[in-house]
Amino acid sequence: MNFELLCSQIRALGIEEGDSVYVRADLGEVINNKQHGATQKFKPVEAGKAFIRAIRRVIGESGTILAPAFTRVFIYPFVDKSYAFDPERTPPITGGLSTLLLKEPEAKRSCHPVASFVAVGKNADYFLEGHDENALTYLPIKKLIEYRGKMLLCGCIDSSPGFTTVHLAQELLGLSKKSLLGMLMGVFYLKKGERRYFCYRSMGGCSLGFYKFYSLYNTRHLLASGFIGGANSICINAEKAFEIEYATLKADPRFPLCENPRCFFCRGSLLYNLKDMPRYYCLVAPKKLALSVFGRFGRKP
Ligand SMILES: [Zn+2]
C-alpha cells in the first residue's frame with residue numbers, strides 16, 4: 001500500500017520512533033511521482049496530509065514535527081500598515097507543508113512576528129516556548145540541536161538548498177545583524193490585542209548558497225539520502241550539521257554566499273562582504289536601476 005511505502009521511505013532516511021524532526025518539503029515534488037510510486041493515488045492536499053501522517057506514524061506519539069511558518073516582512077518605507085502578524089490567523093508564506101501542519105488539531109505556533117515555527121507532537125511546547133519578538137530568530141532550531149533532533153529536506157534539495165542550522169550559526173556568530181537591510185526591514189504584529197512594530201534586525205537572508213555545505217557533510221558521512229514519494233530527500237543530525245556549519249562560518253563568513261553576481265543581499269548588503277560591493281554598486285546596481293526604469297517606460301500600454 002502506498003502509505004506504507006511512504007513510511008518505509010521515511011524510515012530509510014534514518015527517522016525513528018521518538019525523533020524530533022525539522023522538516024522543509026516541496027509537497028509538489030512528493031506528489032509528482034513518476035518512478036517511486038508512493039503518492040500517485042493522492043490529490044495534492046491529500047498527498048500533503050499523507051506525508052504528514054506518514055512522518056507522524058514513524059516518529060510515533062513521543063516524536064515531534066517542527067517546520068517553518070514564516071510570514072511577510074517589509075522594507076521601509078513600504079511597510080504595509082494594513083497588515084499585522086497574528087499567530088492565530090496569519091497564513092504562512094513557507095508553502096503547503098506549514099499550511100497543512102497548522103491545520104492539525106494539536107498544532108502549536110510560536111509568536112515571532114516574521115519567523116514563527118509550527119510544531120506538532122510531544123515536545124511542541126518545548127521547541128516553541130519563548131520564541132517571540134525578543135528571542136533569537138532561530139531559537140526553535142537551537143532547541144532542536146540541544147534535543148539531538150534531525151532535519152529532513154524533501155524535494156527542495158536544489159531549489160531551496162541547505163539546512164536552517166546555517167541561519168542559526170550566522171545568528172550566533174553575529175553575522176545576521178551585519179546587513180545594511182537590518183534597520184530597514186520590519187512588520188506590524190499583534191500582541192495581547194495591541195498593535196506593535198517589529199524591526200527585523202537579525203534576519204536570515206539569502207540561502208541559495210547553502211548547498212555548498214553538502215560536500216562538507218558528505219566528507220563525514222552525515223547525510224542520509226533517498227526518495228520520499230517522488231521527492232529526492234536528505235536527512236541529517238542537527239547537532240552534527242551545526243558543528244560543521246558553525247566552524248566553517250567562523251573561519252569564513254562568506255562561504256555560503258550564493259553565486260549570483262546580481263544578488264543584492266549577498267553582493268550589496270553584507271558588511272562582512274565589502275569586497276563585492278564596489279563591483280555591485282558600480283556595475284550591477286546601475287544596470288538593474290536602468291532596466292527597471294526603462295523597462296517601465298518602454299512597456300507598451
Ligand atoms: Zn544571494
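The values are calculated or read from the model by the stated rules, or taken from the named source; none is laboratory data. Quick caveat: nothing in here was measured; it's all calculated off a predicted structure. We place every Cβ from the backbone using ideal geometry, glycine too, and count neighbours over all the protein chains shown.
Just a few scattered comments:
- Total residues in the stretch 11-29 satisfying the condition of being at pLDDT 95 or above and within 20 Å of the chain's Cα centre (by Cα): the figure is 8.
- Residue match in the stretch 52-62 (condition: over 20 Å from the mean Cα position of the chain (by Cα), modelled with pLDDT of 95 or more and under 18 Å from Cys156 (Cβ atoms)): yes
- Selected residue (criterion: farthest from Gln9 (Cα to Cα)) from residues of the stretch 209-235 that are buried (at least 19 other Cβ atoms within 10 Å of the Cβ) and within 13 Å of the ligand (Cβ to nearest atom): Gly209
- Complete set of residues in the stretch 185-201 that are out of contact with any Gly (no Cβ under 8 Å at 6 or more places or on another chain) and hydroxyl-bearing (Ser, Thr, Tyr): Tyr189
- Flag if Glu46 is in a loop (DSSP other than H, G, I, E, B) and more than 14 Å from Arg24 (Cα to Cα): no
- Pair list, Cβ < 6 Å and 6+ apart or interchain, from the stretch 215-228 residues that are aliphatic (A, V, I, L, M) to residues that are assigned to a strand (DSSP E or B) and surrounded by 15 or more Cβ atoms within 10 Å (Cβ to Cβ): Leu222/Ile236; Leu223/Ile234; Leu223/Ile236; Ala224/Cys235; Ile228/Cys154
- Enumeration of residues in the stretch 250-278 that are in a helix (DSSP H, G or I), free of Cβ contacts under 8 Å to residues at least 24 places away in the same chain and more than 11 Å from the ligand (Cβ to nearest atom): Ala251, Leu274, Lys275, Met277, Pro278
- Residue selected from the stretch 75-110 under the condition modelled with pLDDT of 95 or more and part of a strand (DSSP E or B), by the criterion nearest to Leu181 (Cα to Cα): Phe85
- Among the numbered conditions (1) more than 16 Å from the chain's Cα centre (by Cα); (2) surrounded by 19 or more Cβ atoms within 10 Å (Cβ to Cβ); (3) in a helix (DSSP H, G or I), the only one that Leu175 does not meet is (3).
- A single entry from Pro256, Pro278 fulfils the requirement of being touching a Gly at 6+ places or on another chain (Cβ under 6 Å) and closer than 26 Å to Leu184 by Cα: Pro256.
- Checklist (1) in contact with a Ser or Thr (Cβ under 9 Å, 6 or more places away or on another chain); (2) closer than 18 Å to Ile75 by Cα applied to Leu216, failing item: (2)
- Residue identified as under 23 Å from the mean Cα position of the chain (by Cα), outside any loop (DSSP other than H, G, I, E, B) and away from the ligand (no atom under 15 Å from the Cβ) among Ala290, Ala247: Ala247
- Residue match in the stretch 189-197 (condition: in contact with a Lys or Arg (Cβ under 9 Å, 6 or more places away or on another chain), assigned to a strand (DSSP E or B) and touching a residue at least 60 places away in the same chain (Cβ under 8 Å)): yes
- As for the stretch 175-196, it holds no residue that is within 30 Å of Ala47 (Cβ to Cβ), more than 16 Å from the ligand (Cβ to nearest atom) and basic (Lys, Arg).
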